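Colleague: Below are the structure tokens for one structure; questions will follow.
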Amino acid sequence: MSYLVSCKNGYLEGIEPFSNHIRKNELYEKLCFLADQLSLDEFTGYLVEGQYFINLWTAIIILDRFRPKTSEKLIGLNNNKSIAEDCLETIEQYSARFKQDGQFDNYQKWILEIKSSHS
């Protein structure tokens, strides 16, 4: 199954990023597996997909798995912006809608860890 279809199925099942135990979730593992099959440049293309949390899942996985350096730019999308900066902005835009049990708290803990590792 493709990355896009997997994101759509997760969305339809009500699986959202930063929900409790998401890292142990089959969807997250599948998305990470599919992401690992691509280069960072290829995978950043999913950042422009606005449906089914595709850009959100992509931003999380990029920061979690690929760990781009702040000097790495969005080639072809926005050559002046760093990949990490764009991913952080994408995730922060969604943060107001994190309403599931523990979701916002999980997001806050995660974002602090990511920001400290990218400074």
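Colleague: How much accessible area per residue does the chain have, counting only protein heavy atoms and a probe of 1.4 Å, in square angstrom? Walk me through the intermediate numbers first.
Modeller: Numbers: 6710 Å² over 119 residues.
For the chain, the per-residue accessible area is 56 Å².
Colleague: Right, another one. At most 16 other C-beta atoms within 10 Å and a DSSP loop state: those are the exposed trypsin sites (Lys or Arg not before Pro) I care about. Give me the longest piece of the chain that has none. Each step should come with its number before you reach the end.
Modeller: Working: sites that count: Lys69, Lys99.
Here the longest run is 1-68.
Colleague: Under the rule of -39500 (n - 2.57) per DSSP H run of 4 or more residues, summed and divided by the residues of the chain, what mean residue ellipticity at 222 nm is obtained, to the nearest 500 deg cm²/dmol?
Modeller: Details: 6 runs with 60 residues, N = 119.
Per the formula, -15000 deg cm²/dmol.
Colleague: Restricting to Cα pairs below 8 Å that are 6+ residues apart, what does the relative contact order work out to for segment 68-113? Please round to a whole percent. Spell out each step's value before the answer.
Modeller: On the way: 23 pairs, mean separation 10.5, N = 46.
Relative contact order for segment 68-113 comes out at 23 percent.
Colleague: Follow-up question, since we're still on this one. Can you run the Rg to Rh ratio on segment 3-118? Use alpha carbon positions and the Kirkwood inverse-distance Rh. Mind showing how you got there, number by number?
Modeller: Values: Rg = 13.3 Å, Rh = 14.3 Å.
Here Rg/Rh amounts to 0.93.
Colleague: Another one. Report in % the part of the accessible area of the chain that belongs to carbon and sulfur, leaving out ligands and nucleic acids; probe 1.4 Å.
Modeller: Numbers: 3230 of 6710 Å².
Ligands and nucleic acids excluded, carbon and sulfur reach 48 percent.
Colleague: Now, a different point. Count the net charge of all other residues whose Cβ sits under 12 Å from the Cβ of Asn55, scoring Lys and Arg as +1 and Asp and Glu as -1.
Modeller: Details: positive: none; negative: Glu49, Asp86, Glu89.
Neighbour charge sum, excluding Asn55 itself: -3.
Colleague: Tell me, what HN-Hα J-couplings in whole Hz come from the Karplus equation 6.51 cos²θ - 1.76 cosθ + 1.60 at θ = phi - 60° for each residue of segment 96-111, using x for Gly and Pro?
Modeller: 5, 9, 6, 10, 5, 3, x, 4, 5, 4, 4, 4, 4, 5, 5, 5
The values are calculated or read from the model by the stated rules, or taken from the named source; none is laboratory data. Note that the structure is predicted; figures quoted are calculated from it, not measured. Reconstructed Cβ throughout: ideal geometry from the backbone, glycine too, with neighbour counts over all protein chains shown. Accessible surface areas use protein heavy atoms only, side chains included; no ligands, DNA or RNA. Shrake-Rupley method; radii C 1.70, N 1.55, O 1.52, S 1.80 Å.
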